[in-house]
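Undergrad: I'd like to ask you about the structure that follows.
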Amino acid sequence: MNKTIKLAVAGAVLSAASIANAGIIIPAGEWTLDVNGNVNAFATYGDADTATVGAGSDGVVAGGLASGPDAQGNGDIYGINTGLLPAWLGFTGTTRQNDVDVSFTISFQPNVSDNQSSGMGDTSQPLNRQAFLTFGDKSWGSFKLGKDLGIFAADAILNDMTLLGVGGSGASIQGGANTSLGGIGTGYIYPAWKGQIAYTTPDMNGFQATVGIIQPKQGLNTAVAGVETPNATNQERFGLEAKAHYAFNAGNANGKVWVSGLSNEVSIGAVDHDVTVMDIGINVNSGNAGLTAYYYSGEGAGLTTNVNGASGANAAGVERDSDGGYVQATYVIPTGTKLGVAFGRSSLDKINNADTAILDTNERWTVGAYHPLTKHLNLVAEFNAMESKDHQGDKQEMDTISLGAILFF
């Protein structure tokens, strides 16, 4: 993984579970090559309940992350997939030339499973989430150019304990999906992996800020037989994202406070709408205990991604308000196992009384145990309970149990 994700996983997410802080280091002339990544896999069982139908509605919770039974009424769901993190192979090269630190990162994310009926096992497409360069110096900051994790909401996902596990899943667990959802759509919006040009200030006694222009976002055109396809309308500007954080130490406690924001213009068919969203979060660790609290609020952003089809706005381009957040508490017991519990919720407001056939909320409870069997290998067990409701009174519930392991190198 790249340095940002590696340090976040090793520090904020699982400070008590032993994970290597570097991969396989190879000196190569003026360069140092770091080969790093992870392999993880989880067996997940899900139990999807039949929807509770509200008065005067069709019983379909459109856009809900909690899945229902299939067409035959079977609510049992099985899958062997990666968790929130895909399997990962990354290459980072670093050097210092002319008093400038220079680096590149390229990574690949293969699949560990899919459900192809022929048994060939290679239907799902591998991911390529990173290809970027950086240059800078600790005295004046650094620039990043290329594809990497987005700036807005990055800290929300990097402090989610399910980064080492599965979190929310939905029906995708039996479809050989590349990754699970973690807390995406049930507490935070997915930061995604985006082309960007970003500047990060030097570390000023714990304070640091990043600002960048981001690949303009297209909307999802749902006009063709109800199928969402990318819309090719030209964009009027770059997306903008920024964040600031302050890392602190106070006696036996340490942690970080952050804020971030995003501004996009999204095209859906012939209609444009604006996306604006901001967040605030805090992560504190003291002794064996850890606490994370997070909140976001926006317009036109939807619930899951900041280009979530028409859910962020209606067909006329009128934006819907949305907000959400999560709280998470962890504690390391004498065996070294980190136990954690988290609750997350994402909500979408309707525009008027006629705007009812849309999702209202996605909620998730997670209870997890993360045990460092070796320096690099962690065993994981999680229980997740998800609930989705729409503005017509329909409700869908789904519980999942996941068991597996994640190995970092």
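Undergrad: Among the residues of the stretch 176-190, which ones are buried (at least 24 other Cβ atoms within 10 Å of the Cβ) and not aliphatic (A, V, I, L, M)?
TA: Ser180, Gly182, Gly183, Gly185, Thr186, Gly187, Tyr188
Undergrad: Of all residues in the stretch 355-375, which are part of a loop (DSSP other than H, G, I, E, B) and among the hydrophobic types (A, V, I, L, M, F, W, C)?
TA: Hits for the stretch 355-375 are Ala357, Ile358, Leu373.
Undergrad: Can I ask one more? Considering Glu387, Glu299, which residue is in contact (Cβ under 8 Å) with a residue 60 or more places away in the chain and of a type in the set (Asp, Glu)?
TA: Glu387
Undergrad: Go through the stretch 236-254 and give me each residue that's part of a strand (DSSP E or B), more than 15 Å from Thr305 (Cβ to Cβ) and at pLDDT 90 or above.
TA: Once the filter is applied, which keeps residues that are part of a strand (DSSP E or B), more than 15 Å from Thr305 (Cβ to Cβ) and at pLDDT 90 or above, the stretch 236-254 yields Leu240, Ala242, Lys243, Ala244, His245, Tyr246, Ala247, Phe248, Asn249, Ala253, Asn254.
Undergrad: Still on this structure: Of all residues in the stretch 358-375, which are surrounded by fewer than 15 Cβ atoms within 10 Å (Cβ to Cβ) and either modelled with pLDDT under 95 or not hydrophobic (A, V, I, L, M, F, W, C) (or both)?
TA: The answer is Thr374, Lys375.
Undergrad: As an exercise: evaluate Ile19 against (1) under 18 Å from Gly83 (Cα atoms); (2) at pLDDT 85 or above and give the number of the one condition it does not meet.
TA: (2)
Undergrad: Residue check: is Ala28 in contact (Cβ under 8 Å) with a residue 24 or more places away in the chain, under 19 Å from Thr186 (Cβ atoms) and of a type in the set (A, V, I, L, M, F, W, C)?
TA: no
Undergrad: Return the residues of the stretch 61-89 that are touching a helix residue (DSSP H, G or I) at 6+ places or on another chain (Cβ under 9 Å) and of a type outside the set (A, V, I, L, M); say none if nothing qualifies.
TA: Scanning the stretch 61-89 gives Gly63, Gly64, Ser67, Gly68, Asp70, Tyr78, Gly79, Asn81, Gly83, Trp88.
Undergrad: Hey, another quick one. Scan the stretch 376-394 residue by residue and report those that are assigned to a strand (DSSP E or B), at pLDDT 90 or above and of a type outside the set (Ser, Thr, Tyr).
TA: Leu377, Asn378, Leu379, Val380, Ala381, Glu382, Phe383, Asn384, Ala385, Met386, Glu387, Lys389, listed by residue number.
Undergrad: Among the residues of the stretch 318-348, which ones are within 19 Å of Ala62 (Cα to Cα), free of Cβ contacts under 8 Å to residues at least 60 places away in the same chain and either among the small types (Gly, Ala, Ser) or touching a Leu at 6+ places or on another chain (Cβ under 7 Å) (or both)?
TA: Those that are within 19 Å of Ala62 (Cα to Cα), free of Cβ contacts under 8 Å to residues at least 60 places away in the same chain and either among the small types (Gly, Ala, Ser) or touching a Leu at 6+ places or on another chain (Cβ under 7 Å) (or both): Arg320, Ser322, Ser347, Leu348.
Results for (1) buried (at least 16 other Cβ atoms within 10 Å of the Cβ); (2) small (Gly, Ala, Ser); (3) closer than 30 Å to Glu363 by Cα; (4) at pLDDT 95 or above, shown as yes or no for each residue.
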| position | (1), (2), (3), (4) |
| --- | --- |
| Ala209 | yes, yes, no, yes |
| Pro216 | yes, no, yes, no |
| Leu220 | yes, no, yes, no |
| Thr233 | yes, no, no, no |
| Lys256 | yes, no, yes, yes |
| Val275 | yes, no, yes, no |
| Asn283 | yes, no, yes, yes |
| Gly290 | yes, yes, yes, yes |
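Undergrad: Checking Ser346 against (1) within 28 Å of Gly281 (Cα to Cα); (2) hydroxyl-bearing (Ser, Thr, Tyr); (3) modelled with pLDDT under 95, which single condition isn't satisfied?
TA: (3)
Undergrad: Give the residue that is farthest from the chain's Cα centre (by Cα), with candidates limited to residues of the stretch 89-135 that are outside any strand (DSSP E or B) and modelled with pLDDT of 95 or more.
TA: Residue satisfying both the conditions and the ranking: Asn98.
Undergrad: Looking only at residues that are in contact with a Gly (Cβ under 7 Å, 6 or more places away or on another chain) and surrounded by fewer than 22 Cβ atoms within 10 Å (Cβ to Cβ) in the stretch 38-50, which one is modelled with the lowest pLDDT?
TA: Thr50
Undergrad: What are the residues in the stretch 326-357 that are under 17 Å from Asp279 (Cα atoms) and crowded, with 22+ Cβ neighbours inside 10 Å, if any?
TA: Tyr326, Gln328, Gly344, Ser346, Leu348
Undergrad: Also: So which residues in the stretch 137-165 are in a loop (DSSP other than H, G, I, E, B) and either modelled with pLDDT under 95 or at positive phi (or both)?
TA: Ala153
Undergrad: Going by the structure shown, is Ser402 touching a Ser or Thr at 6+ places or on another chain (Cβ under 6 Å), polar (S, T, N, Q) and either part of a strand (DSSP E or B) or within 19 Å of Ser322 (Cβ to Cβ) (or both)?
TA: Considered against the rule, which asks whether it is touching a Ser or Thr at 6+ places or on another chain (Cβ under 6 Å), polar (S, T, N, Q) and either part of a strand (DSSP E or B) or within 19 Å of Ser322 (Cβ to Cβ) (or both), Ser402 comes out as yes.
Undergrad: Based on this model, can you work out whether Phe409 counts as modelled with pLDDT under 95 and of a type in the set (A, V, I, L, M, F, W, C)?
TA: Against the criterion (modelled with pLDDT under 95 and of a type in the set (A, V, I, L, M, F, W, C)), Phe409 qualifies.
Undergrad: Please state which of the following conditions Asn352 fails to meet, knowing it meets all the rest: (1) over 29 Å from Asn283 (Cα atoms); (2) assigned to a strand (DSSP E or B).
TA: Status for Asn352: all satisfied but (2).
The values are calculated or read from the model by the stated rules, or taken from the named source; none is laboratory data. Given the structure is predicted, the values throughout are model-derived calculations rather than measurements. Glycine gets a Cβ as well: all are built from the backbone with ideal geometry, and neighbour counts include every protein chain shown.
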